[in-house]
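**Q** Please find one structure pasted underneath; my questions will follow.
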Amino acid sequence: MKRVACYLRVSTTEQTVENQRNDLRAYCKARGWDDVVEYGNTGVSGTRERRPGLDHLMSEVKSRRVDVVVVAAFDRPGRSVQGREHHAPRCTRRGASDRGGDPR
């Protein structure tokens, strides 16, 4: 069974992750992934280097407790190209695949 993690992020406290959550749950359900753990940050800019939810997720990936990381869009882990280039290889080096984009 795949160990799946979803990462949800919005930049301001006025925003909600519900749309991302609903889309990612549907994406996971369509693939038969029922045991999904969510990690997230609300009110945290993607330009920030340290984000508690993402840091926890990456710790789980590093410990090989996650097989697949699902995001609503590739900018959720980070706005900068450097941020995206930092996290995706860390996932694949640890054996986790990353999935993103419009989950439909």
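The values are calculated or read from the model by the stated rules, or taken from the named source; none is laboratory data. For clarity, every value in this text was computed on a predicted model and none was experimentally measured. Backbone-built Cβ (ideal geometry, glycine too); neighbour counts: all protein chains shown.
**Q** Regarding Val61, is this residue at pLDDT 90 or above, of a type outside the set (D, E, K, R) and in a helix (DSSP H, G or I)?
**A** yes
**Q** Of all residues in the stretch 1-16, count the ones that are surrounded by fewer than 20 Cβ atoms within 10 Å (Cβ to Cβ) and either free of Cβ contacts under 8 Å to residues at least 24 places away in the same chain or not charged (D, E, K, R) (or both).
**A** Counting residues in the stretch 1-16 that are surrounded by fewer than 20 Cβ atoms within 10 Å (Cβ to Cβ) and either free of Cβ contacts under 8 Å to residues at least 24 places away in the same chain or not charged (D, E, K, R) (or both) gives 7.
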